[in-house]
Amino acid sequence: MKPYQDFLDEIIITEEQLQKRIRELGAEISKDYAGKELLVVCILRGGVMFLTDLIRQINVPLAIEFMAVASYGSGARASSGDVRITLDLNTSIKDRHVLIVEDIIDSGHTLAAVIELLQTRDPASLYVCTLLDKVSRREVEVPVRYRGFAIEDKFVFGYGLDMDDYYRNLPFIGTVNLKKYEDPT
Ligand code: PRP
């Protein structure tokens, strides 16, 4: 894997901007769920960084759970309607307040499938919190209650989002110069 500096086009959201927005989201969620308990469901793997920072900004009692989802079809960099749950929750969500945490919504297929499945399990409430939202790419409607940033349709990486499995650990969101990334030199 090349040094990311070789293909980073631009840092579109800095570490400071991310952390500031996450504090705002945490405060909003804490207010909305005051007096209640939360079950936060993180969609692996991209949502992990966001989850760990976000939950530290929420001050209602909460538990965390994880789900993993695979999608197949038109290409590795865009999900199709064919979504499969590869890791399911370890607990019942019946009568619980569930908040799904995602790193990014693109076509919407992943979250639409997750929401459809979880609704069948009778949660008290079910809402979505996504860090990034590529609104212009949406193919199916997904109700988003909490949104960190609406972004343009560019290839992004860092802060949970990978570049061929690497660089999820970067503290910022950057865009990829695909020409430079694919350049073998
Ligand atoms: C990304 C992201 C969402 C999904 C969004 O996951 O974390 O789960 O794609 O795309 P959609 O709205 O078009 O369905 P990815 O499949 O890259 O897996 P990862 O989180 O493990 O990197």
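A few remarks follow.
- The sole residue among Glu141, Glu116 that is acidic (Asp, Glu) and without any contact (Cβ under 8 Å) to a residue 12 or more places away in the chain is Glu116.
- Matching entry among Met67, Met49 (being touching a strand residue (DSSP E or B) at 6+ places or on another chain (Cβ under 6 Å) and modelled with pLDDT of 95 or more): Met67
- Taking each residue of the range 87-112 that is in contact (Cβ under 8 Å) with a residue 60 or more places away in the chain and looking for partners that are part of a helix (DSSP H, G or I) and of a type in the set (A, V, I, L, M) with beta-carbon atoms closer than 6 Å, six or more apart or interchain, yields Val101/Leu51.
- Within the range 23-45, the set of residues being under 17 Å from Ser92 (Cβ atoms) and either surrounded by 14 or more Cβ atoms within 10 Å (Cβ to Cβ) or within 16 Å of the ligand (Cβ to nearest atom) (or both) comprises Leu38, Leu39, Val40, Val41.
- Wholly within the range 90-185, strands (runs of 3 or more DSSP E) carrying at least 3 residues that are at pLDDT 95 or above, surrounded by fewer than 19 Cβ atoms within 10 Å (Cβ to Cβ) and more than 9 Å from the ligand (Cβ to nearest atom): 146-150
The values are calculated or read from the model by the stated rules, or taken from the named source; none is laboratory data. Please read these numbers as outputs of a predicted model, since none were measured by experiment. FYI the Cβ positions are ideal-geometry reconstructions off the backbone, even for glycines, and counts take in every protein chain you see.
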